[in-house]
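What follows is one structure encoded as structure tokens, with my remarks underneath.
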């Protein structure tokens, strides 16, 4: 899931379907923030990962899709 921190106003609820371009929150200075900004993160199975990796199609293909394809071959007993 994605994480958005230091928001002054959250405009959606968990589970809402959001269209591209829809405002979901307003940035703020909550917590120990020294200025108005957004903390953005992505968590996979509860573990924080580098967001830029999950937004790069080549990285996803090389590190995620390729692993699933190889696993499918093993599970289905397919040899190349």
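No lab work stands behind these numbers, since they all come straight from the coordinates. Model, not experiment: these values are computed from the prediction.
Among 15, 35, 46, the largest mean-square fluctuation in a Gaussian network model of the chain (Cα springs under 10 Å) belongs to 15. For the chain, relative contact order (Cα pairs under 8 Å, six or more residues apart, normalised by length) works out to 26 percent.
One chain, two ends: residue 47 and residue 73. Fully extended at 0.36 nm per residue, the span grows by 6.6 nm beyond their Cα-Cα distance. Volume per residue of the convex hull around the Cα atoms, evaluated for the chain, comes out as 146 Å³. Computed from Cα atoms, the angle from the helix 66-76 axis to the main principal axis of the chain rounds to 40 degrees.
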